[in-house]
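Here the structure is laid out as structure tokens; the discussion comes afterwards.
The values are calculated or read from the model by the stated rules, or taken from the named source; none is laboratory data. None of these values were measured; they are calculated from a predicted model. Note that each Cβ is placed from the backbone with ideal geometry, even for glycine, and that neighbours are counted across all protein chains shown. Note: areas computed on protein heavy atoms with side chains; ligands, DNA, RNA excluded. Shrake-Rupley method; radii C 1.70, N 1.55, O 1.52, S 1.80 Å.
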Amino acid sequence: MYRFLLTRQWVILTLVGLALIPAMIKLGFWQLHRHEQRVARNDLVAHSLAYAPVPVGTLSAPGREVPQENVWRRVTATGTYDTKGEVVVRYRTDESGKSGFMVITPLVLDNGTALLVNRGWIPADGGQLTFPAVPAAPSGKVTVMGRLRADETPGSGIKDTKGLPPRMIMLINSERQAKELHRPVIGGYVELVSPAGDSGQPQPVPAPDHSSIGNHMAYAVQWWLFSACVPVGWFILVRRERRDRAADAAAAAAAASATADGGEVARTAASPE
């Protein structure tokens, strides 16, 4: 009755179904892990932003990586902007998605070390290969407050293009800039929060979104539902195939019976009395 399951077509279909089930279950757990990572990241950002600002030297130092638990912490620093060491970061977008530059200006502290300050975004009016018109940084000694970020690296998903025009970079990295500035640079960098610039200053980097969790949990449930549908669908197809084959067999039997009955009638009519 179910011998058709041993045919090539059904063997391949069954094997494909058996392969899809664990694959879909694994994809569901992958989406679940992404959901958990997003929730953990949101919690970290929320807690970090809730801390009171502290001097940057308490959380980072030259040659030291910024640990994950200190990312997004608000820090303060006092010094003088080094506009000669100012660079721009290519292919960065504003809140609307428009491409431009981030302005990175070193803030030289009283002890001679520098802190990279991301002063904000400016448009690329002259293209990505032309150094833009950068609004002047405040002169004299200033005290800034901003969000601490870790150094960007090639492994962080940002393309590290070589051979750029002078004073243009792709990655905000304190070690690289220390070589250019010829002075020690505090690990990581700071996204400027205050003092807020006027309309002529770079557009401040917005605070990170830590409320949205995305659709990863919904996607996980969908993958698990798909995995459950595979055996159900296979069973329905088997029942339908069995029913169709039974119907075809019955029709063939009826046709054969009709043909046999017709032949018998013909022979009876042809035989003499």
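Odds and ends about this structure:
- Subtracting the Cα-Cα distance of ARG243 and LYS98 from their residue separation scaled by 0.36 nm leaves 46.2 nm.
- Förster radius 41 Å - calculated FRET efficiency between ALA254 and LEU13 (Cβ-Cβ, nearest 0.05): 0.85
- Under the Karplus curve 6.51 cos²θ - 1.76 cosθ + 1.60, θ = phi - 60°, whole-Hz ³J(HN,Hα) for region 37-44, x wherever Gly or Pro sits: 5, 5, 5, 5, 5, 4, 5, 4
- Of the chymotrypsin sites (Phe, Trp or Tyr not before Pro) found in region 1-74, those in coil by DSSP whose Cβ has at most 13 other Cβ atoms within 10 Å are TYR2, TYR51.
- Distances between placed amide hydrogens fall under 5 Å for LEU171 paired with no residue 5 or more residues away or on another chain.
- Whole-Hz Karplus values for region 186-191 come out as 4, x, x, 8, 10, 8 Hz, taken residue by residue from phi with 6.51 cos²θ - 1.76 cosθ + 1.60 and θ = phi - 60°; glycine and proline positions read x.
- GLU180 sits with roughly 130 Å² accessible to a 1.4 Å probe, with DNA, RNA and ligands left out of the calculation.
- Dividing the mean sequence gap of close Cα pairs (under 8 Å, 6+ apart) by how many residues region 98-255 holds gives a relative contact order of 24 percent.
- Here is how the number arises for the chain: DSSP H runs of 4 or more residues each give -39500 (n - 2.57), the sum is divided by the residue count, and the result at 222 nm is -14000 deg cm²/dmol.
- Across the chain, Cα pairs under 8 Å and at least six residues apart give a relative contact order of 24 percent.
- If you run the Gaussian network model on the chain, springs between alpha carbon atoms under 10 Å, then out of VAL66, VAL54, VAL11 the most flexible one is VAL11.
- Mean-square fluctuations from a GNM of the chain, with a 10 angstrom spring cutoff on Cα atoms, peak among THR259, THR58, THR130 at THR259.
- Set of lysines near LYS159 by C-alpha distance (under 28 Å), chain-local residues within fewer than 8 positions excluded: LYS84, LYS98, LYS179
- Relative contact order of region 128-200, defined on C-alpha pairs under 8 angstrom at six or more residues apart (%): 42 percent
- Computed over the chain with a Gaussian network model linking Cα atoms closer than 10 Å, the most mobile of LEU44, LEU129, LEU59 is LEU129.
- Residues with amide H under 5 Å from that of ARG92, placed H, sequence gap 5 or more: GLY100, PHE101, MET102
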